[in-house]
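Asker: Once you've had a glance at the structure underneath, I'll fire off some questions.
Computed from the coordinates by the stated procedures, all read-outs in this text should not be read as laboratory data. These figures come from a predicted structure and were not determined experimentally. Glycine also receives a Cβ, built like all others from the backbone with ideal geometry; neighbour counts cover every protein chain displayed.
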Amino acid sequence: MADPHLVVVDDAAWLARAGADVVADVVHADGPVTIVPATGDTPVGMYAELAERHARGDLDTRDVSVVQLDEYLGLETGDRRALFGWMERTVLGPLSIDDERVVRLPTDGDVDAACAAFDRDLEARGGIDLAILGLGTNGHLGFNEPPSNAQSPTRTVELTQDTVAANARYWGSEGDVPTRAVTLGLRTLLDARRIVLLVAGASKHAIVRRALEGPVREDVPASFVREARGSVTVLVDRAAWEGE
Ligand code: PGA
């Protein structure tokens, strides 16, 4: 375990390129790789950059598998709020990742039992090579809401009011945001061979400082990246780092 490698970049365009470089490094390693791609605003520029490289023929994704990071619960099939749909439009389609190389989180039936099986299966297939993560203003990674400990399994969660408020901008109003979700657990994420955490904007200033400089504890789940097993790169734009 090493300290996270912190890279402060000037703006969103740099963040997109620097993030894409990390992903390309992993994708171009020999053999199949398993990637977890976060949804959210922060990585959108990076996915667009990766899509451009792929379209130019500079990023071969045939050996890439994708594991879903998080999903809302209680949605009907085809609901516009499903994070899987977002991932299809923003990541899987543009990068030509076929359905058979995508592992979805369970959302039906006994979801907690299915989550336990999910963790066992993921471990059996070799875990995660790269987790691409964003940072919630409440310190969450995926939907590992505070408090979450480093051993949290993949599971169902109640979203905190902070997350509901932050996600209202995607779906109209707070009342449109589902309050239950399923998330890959911190245990699985922290076991990834590599993590890249993307942080942008002044609204993330306080939490990124707490995550990287404050105590490592459950009320800031992202602080556990400092105890991750693999190598961790934190890409932060200047607005988030300096708070301006
Ligand atoms: P954002 O979301 O990239 O849309 O800010 C990050 C998160 O909540 O994990």
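Asker: Which of Ala117, Val64, Gly136 sits farthest toward the positive end of the charge dipole of the chain, with +1 on the Cβ of Lys and Arg and -1 on the Cβ of Asp and Glu?
Answerer: Checked the options; the winner is Gly136.
Asker: Hey, another quick one. DSSP loop (so not H, G, I, E, B), at most 13 other Cβ within 10 Å: list which GluC sites (Glu not before Pro) in the range 38-93 pass both filters. Each step should come with its number before you reach the end.
Answerer: Numbers: sites: Glu49, Glu52, Glu71, Glu76, Glu88; in loops: Glu76.
Here the GluC sites (Glu not before Pro) that fit, given the DSSP loop and packing criteria, are Glu76.
Asker: Which whole-angstrom value gives the distance between the alpha carbon centres of the range 152-219 and the range 94-148?
Answerer: Spelled out, the Cα-based centre of one part sits 13 Å from the other.
Asker: Indicate, rounded to the nearest 5 percent, the antiparallel portion of the DSSP beta bridges found entirely in the chain. Display every interim value, and only then the final one.
Answerer: Numbers: 8 of 32 bridges.
Antiparallel bridges: around 25 percent, rounded to the nearest 5.
Asker: Can you list the residues, at least 5 places off or on another chain, whose amide H is less than 5 Å from the amide H of Val67, using H built in the peptide plane?
Answerer: Placed amide hydrogens put Ile35, Val36, Val103 under 5 Å from Val67.
Asker: Enumerate the amide H contacts of Val234 below 5 Å, restricted to partners 5 or more residues apart or on another chain; note that Pro and chain-start residues carry no placed amide H.
Answerer: His5, Leu6, Val7, Leu197
Asker: Next question. Which ordering of Val67, Val196 is given by a fewest-first count of other beta-carbon atoms within 10 Å?
Answerer: Starting with the residue having the fewest Cβ neighbours, the order is Val67, Val196.
Asker: Based on DSSP, what percent of beta bridges with both residues in the range 51-182 are antiparallel, to the nearest 5?
Answerer: 75
Asker: If you take every DSSP beta bridge fully contained in the range 105-244, what fraction is antiparallel? Give it as a percent rounded to 5.
Answerer: Rounded to the nearest five, the antiparallel share is 30 percent.
Asker: Let me ask something else about it. For a quick size check, give me the Cα extents of the chain along its three principal axes, largest first, whole Å.
Answerer: Over the chain, Cα extents along the principal axes are 43, 39, 37 Å.
Asker: Here's something else I'd like to know. Using each residue's phi in the range 85-102, evaluate 6.51 cos²θ - 1.76 cosθ + 1.60 at θ = phi - 60° and report the 3J(HN,Hα) Karplus result to the nearest Hz, with x for Gly and Pro.
Answerer: x, 4, 5, 4, 5, 9, 10, 5, x, x, 9, 6, 9, 6, 3, 6, 10, 10
Asker: Mind grabbing the base-10 log of I(q)/I(0) for the range 36-120 at q = 0.12, 0.22, 0.24 Å⁻¹? Debye formula, identical points on the C-alpha positions, no solvent, two decimal places.
Answerer: -0.40, -1.12, -1.25
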